[in-house]
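Read the structure below first, then the notes.
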Amino acid sequence: FFRAGCNSMPASNGPPDYPAMKVDELKKLLKQHGLPVSGGKDALVQRLQQAVAAPKGTAGKAKANLETDTVNSGKGKSGKRKVETGDSLGDASPKKAKKEALEALPTEPEGIASAKVQKGNNKKLSNTEGGEADAPAGKAATVTEEAILAGTVPFQRRTSDKDWDANKYLKIISWNVNGLNSLLKGDSFDQLLKQEQPDVLCLQETKLQVGAASSVGLPIEGYEVFDNCSTPRLGYAGTRTYVRKGITPNSMVAYGLSAGKHNAEGRAITIDLPNCRVVNTYVPNAGMQLERLKYRVETWDPAMLAYLQELEATKPVVWTGDLNVAEKDYDRFFASNYKQMEKSPGFTPQERASFRNMTSEATGLTDAFRMLYPNASQVYSYWGMRFNMKAQNKGWRLDYFVVSKALRDCVVDTYMLPDVAGSDHCPVVLWLKK
């Protein structure tokens, strides 16, 4: 079915009717072409359909075409498809490009295999204030890196370290540390505290366990510390917030969302400061097969928005953390095929539309970075650990500060600290007028 000349029907008639096949027939076909045979019938059908839909030129006999692919249809002298490879067009190795793209996906501890897209992932999304329109339905495969970057500018920070004034500003830092025990084996954390001296430091993916958290990296002179740990899965997710003792939380330290909901995995801590509430959050990843996508966009995101609005009723909020979404096309590196990129957790149309809904003018919540730097591109907070992705600056912007409308004029600056090592994420910083 996959190899040219071996089709059971003409390519012009489209791919075979996989849903009508029996499970043993589907598995036989998958085995024949070196594809996994795990999962139920729906998963097998989806795997075959994705293989058929794979871009022409993708490595491996399982990726040969039944239908004509119109993306970058020209071929070089070598016979390989010419695909986008960053700064120039060249004879790329699709197998290597796909491997690097998968490795660079934002992951939780279980990792990322080949992300599978659920039904409806390619629906057309309407444009929202503050964000560019998605590629129209059926046109996503023709989106190029040049088109995405057109009109963008290099990031240039609006402040410098010498502008810092502790009497005027509050400094909040957020960092997904990808395991606090591991991070503390080096000196990156201590150096960050010493050099930046944040008023509030929010960590995500601490992977600490209940009962043991209080012995990890504590005490820290001058700070109070609050931990929220995953209980059903040990050594998973988790958040920690450090607060300078001079600005000790007034009355509230809350765990989870409203009334403690969605707290089993230790994904949120809220502290109450004199002028705002800081919500440290590690938003659930959609998963290696997008198996948590529905939970993410239909349950977590609405609950998160309701909680933020509940807090805002009495005091403005700063929502920060690893929010696991790249909202704009240029909030992640270009991985050769836009249509395939949309199947990546953190870049599905559903997640991006949901985040845009949460940060729309109607809610009043604002992505502070994009408020100050609407057109800055190729500025990231996450890079895959392998394939030298950080050195190539093939990353994602997944870590945010989202502020209430009442705090917009208080935002002085927000930026990344990409030179800080120790995790696959770097710290992000917010300066806020007191």
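The values are calculated or read from the model by the stated rules, or taken from the named source; none is laboratory data. Given the structure is predicted, the values throughout are model-derived calculations rather than measurements. Please note: Cβ atoms are built from the backbone with ideal geometry, for glycine as well, and neighbour counts cover all protein chains shown. The area values use the complete protein model at the heavy-atom level, side chains included, leaving out ligands, DNA and RNA. Shrake-Rupley method; radii C 1.70, N 1.55, O 1.52, S 1.80 Å.
Give the share of C-alpha pairs in each 5 angstrom bin for the range 329-434, from 0 to the last occupied bin, in whole percents, shortest bins first.
The distribution over the range 329-434 is 2, 11, 19, 22, 20, 14, 7, 3, 0, given as percents.
Are any of the pairs Lys207/Lys294; Lys207/Lys339; Lys162/Lys245; Lys294/Lys390; Lys343/Lys433 more than 28 Å apart by Cα-Cα distance, and if so, which?
On the way: Lys207/Lys294 24 Å; Lys207/Lys339 33 Å; Lys162/Lys245 24 Å; Lys294/Lys390 30 Å; Lys343/Lys433 39 Å.
Checking Cα-Cα distances, Lys207/Lys339; Lys294/Lys390; Lys343/Lys433 exceed 28 Å.
Quick query: amide H of Asp413 versus all other amide H atoms, modeled in the peptide plane; which residues come in under 5 Å with a sequence gap of 5 or more or a different chain?
Trp431
Just round it to a whole percent: the fraction of Cα-Cα distances in the range 212-357 exceeding 21 Å. Display every interim value, and only then the final one.
Values: 5240 of 10585 pairs.
Roughly 50 percent, rounded to a whole number.
Could you tell me what percent of the accessible area of the range 313-367 is made up of carbon and sulfur, with a 1.4 Å probe and every protein chain present?
That fraction is 50 percent.
Counting other Cβ atoms within 10 Å of each Cβ, which trypsin sites (Lys or Arg not before Pro) in the range 285-391 have at most 15 and sit in a DSSP loop? Working shown, then result.
On the way: sites: Arg292, Lys294, Arg296, Lys328, Arg332, Lys339, Lys343, Arg352, Arg356, Arg370, Arg386, Lys390; in loops: Arg292, Lys328, Lys343, Arg386, Lys390.
Those satisfying the criteria are Arg386.
Taking loop as defined by DSSP and a crowding limit of 13 other beta carbons within 10 Å, which GluC sites (Glu not before Pro) in the range 147-221 fit?
Details: sites: Glu196, Glu205, Glu221; in loops: Glu205, Glu221.
Sites meeting the loop and neighbour criteria: Glu221.
Can you check what the Kirkwood hydrodynamic radius comes to for the range 206-277, Cα pairs only, in Å to one decimal? Walk me through the numbers before you get to the answer.
Values: mean 1/r = 0.0788 Å⁻¹.
One decimal place: 12.7 Å for the Kirkwood radius.
Would you mind checking which residues have amide H under 5 Å from Phe155's amide H? H placed 1.01 Å from N; only 5 or more apart, or other chain.
Under 5 Å from the amide H of Phe155 lie the amide H atoms of Ser377, each far enough along the sequence or on another chain.
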